[in-house]
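Remarks on the structure that follows.
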Amino acid sequence: MTVFLLLYLCADATRTDCQVVKADSWNGPHAYERCINVVPGLTEALTASNRERHRFVCEVRSDSASPAEHKAQPAFIHQSFRM
């Protein structure tokens, strides 16, 4: 199992306009526990106004495909229909 620590950088407290940044990652059977143990300290290190806007999230990913290996499928630009 692979777990990514993601930092959501949001424009305001509504958290509707956010950018996601990969902050760290862990591998192994205890990866999620290690990630969630880090989050409180990182959140506490933020200033009060930044705590309202930004947040840290631990996200579990399968080991079959890492984010760098993920390829978006090409979209159909043109479709032809015959009767």
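So between Met1 and Asn27, what do we pick up on full extension, going 0.36 nm a residue minus the alpha carbon distance? Numbers along the way, then the final one.
Numbers: separation 26, 0.36 × 26 = 9.36 nm, distance 0.58 nm.
Stretched fully, the Met1-Asn27 segment lengthens by 8.8 nm.
Could you derive backbone 3J(HN,Hα) for the stretch 17-32 from the dihedral phi with the Karplus parameters 6.51, -1.76 and 1.60 (θ = phi - 60°), listing whole Hz in sequence and x where the residue is Gly or Pro?
10, 10, 10, 10, 10, 6, 9, 6, 8, 9, 10, x, x, 10, 4, 5
What shape does the stretch 2-61 have by the C-alpha gyration tensor, where a ≥ b ≥ c are the square roots of the eigenvalues, rounded means a/c under 1.5, and otherwise prolate means a/b greater than b/c and oblate the rest?
In terms of gyration-tensor shape, oblate.
Using the count of nearby Cβ atoms within 10 Å as a rough guide to exposure, how do Cys58, Cys10 rank from fewest to most?
Ranking Cys58, Cys10 by Cβ neighbours within 10 Å, fewest first, gives Cys10, Cys58.
How far is it, in nm, from the label point at Ser49 to the one at Tyr8 when both lie 7 Å from their Cα along the line to the Cβ?
2.1
None of the figures in this text is laboratory data; all of them are computed from the coordinates on show. As the structure is a computational prediction, the values presented were derived from the model and not from experiment. So basically every Cβ, Gly included, is an ideal-geometry build from the backbone, and we count neighbours across all protein chains shown.
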